[in-house]
Amino acid sequence: MNIVFLNTLEKNSGDQQVISAQVSIVEEQGIWSVYWSEPDLTGKLTQDEWFQGISWDEMLFAFRQGLREKIRSGFRPLVHTELDLTQGLSGKARMTQMLTYYCEENPNEEVFESLRAWRREQAAREKKAPYILATNRVLRMISVFLPQTKEELQQIPGFGEQKTAQYADQLLGRIGECTRTNGFPLDWVANFVDTMKFEGWLLAQKEQKLRIELDREVSKRKLLEIVAGGGNLADLQANLTMPRRELLLWVEDLDREGYDMDPLVESELSSIPEEEQIKAWNAYESEGDRYLKPVLKSLIGTEELKGKELDRAYEWLRLLRLRFRREKERNAIQAAS
């Protein structure tokens, strides 16, 4: 048995008494285990098993979740490590999180919705995704703290000099008549926030992020299993309950990471006439492989595709592009060697 990690935690139990406990991660023949050892009321050491299995990611999630529960109950590690992730944020990052927490606890929904409406209209005019202009978190901060000058607007985390120059007049015009109770700088927020509740909120944010990461890892393994077994996009969609476009973007990411997506490409392209694939391949060589629209246009000419027919065309062109890029990489390597 190999002890991979061991840390001692202490908790004040009253009457100047301290409870000492240990958390450990061990590995034996590829099996991971997480244990919590704590004395009971009689002083006898008891051991709880938080996890046992072969998955590192699932083990790590169980470890972090269990440790956070113990920290909430009053235990504090004697040695802080990168692995336990229990150290609080500091400096600018902590202040940004505190501002986010304050805005969640003290929302101004009317102004927030007005700012969202502005973002939709402006994004449509610029033909950009709304989040590129400003995230919900930034709009939430603006709606709560109500900056009145460009200098104050620039103090909102995530809204820098460039965006201030672009959008300050429009945003300030939207909120100019709103009354605020506190001004800038925003240092006063630290005095209004309940530290214990804020720390609990931080832990909850970390847990949510870890859960998302773990869920994605589980979905990734399932996707790779389905692809290796010869499954197609319909199989992936049925098992992962994700939109086909989102699945395709993920497949492209995994291909870039070096995972074998050939079985999926082969399965999906088997229904596409060979002459169409050759024509598209030639279009990639002449038009480049960055954008799909010029390639599609070279295939259909003046014909106009709509709805599912258009979606299907873009799907197989994306998958053929994976094959084209891989071939281009191989040729470049051979030419360099």
| said: Is it the case, given these coordinates, that residue 267 is under 19 Å from residue 227 (Cβ atoms), surrounded by 11 or more Cβ atoms within 10 Å (Cβ to Cβ) and among the hydroxyl-bearing types (Ser, Thr, Tyr)? | reply: yes
| message | Quick check on segment 232-244: of everything there that is exposed (fewer than 13 other Cβ atoms within 10 Å of the Cβ) and assigned to a helix (DSSP H, G or I), which residue is nearest to the chain's Cα centre (by Cα)? | response | 238
| request: Could you tell me whether any residue of segment 124-134 is within 23 Å of the chain's Cα centre (by Cα), of a type in the set (Gly, Ala, Ser) and under 22 Å from residue 109 (Cβ atoms)? | output: yes
| message | Could you check segment 206-231 and list, in sequence order, the residues that are polar (S, T, N, Q) and open to solvent by less than 50 Å² (accessible area, probe 1.4 Å)? | response | 219
| Does residue 251 fit the bill of being among the β-branched types (Val, Ile, Thr), touching a Leu at 6+ places or on another chain (Cβ under 8 Å), without any contact (Cβ under 8 Å) to a residue 60 or more places away in the chain and open to solvent by less than 40 Å² (accessible area, probe 1.4 Å)? | no
| query | Could you give every pair whose Cβ atoms fall below 9 Å, whose first residue belongs to segment 2-17 and is in contact (Cβ under 8 Å) with a residue 60 or more places away in the chain and open to solvent by 100 Å² or more (accessible area, probe 1.4 Å), and whose second residue is not charged (D, E, K, R) and not in a strand (DSSP E or B), counting only separations of at least 6 or pairs across chains? | reply | 12/74
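Residue by residue, here is whether (1) closer than 30 Å to residue 7 by Cβ; (2) modelled with pLDDT under 90; (3) open to solvent by 50 Å² or more (accessible area, probe 1.4 Å) holds:
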| site | (1), (2), (3) |
| --- | --- |
| 96 | yes, no, no |
| 100 | yes, no, no |
| 122 | no, no, no |
| 137 | no, no, yes |
| Index of the failed condition, residue 195 passing every other in (1) of a type in the set (Val, Ile, Thr); (2) at pLDDT 90 or above; (3) surrounded by fewer than 15 Cβ atoms within 10 Å (Cβ to Cβ); (4) within 30 Å of residue 98 (Cβ to Cβ) | (2)
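The values are calculated or read from the model by the stated rules, or taken from the named source; none is laboratory data. Bear in mind the structure is a predicted one, so any value in this text is a computation, not a measurement. Cβ: placed from backbone, ideal geometry, glycine included. Neighbour counts: every protein chain shown. These accessible areas exclude ligands, DNA and RNA; they are computed on the full protein's heavy atoms, side chains included. Shrake-Rupley method; radii C 1.70, N 1.55, O 1.52, S 1.80 Å.
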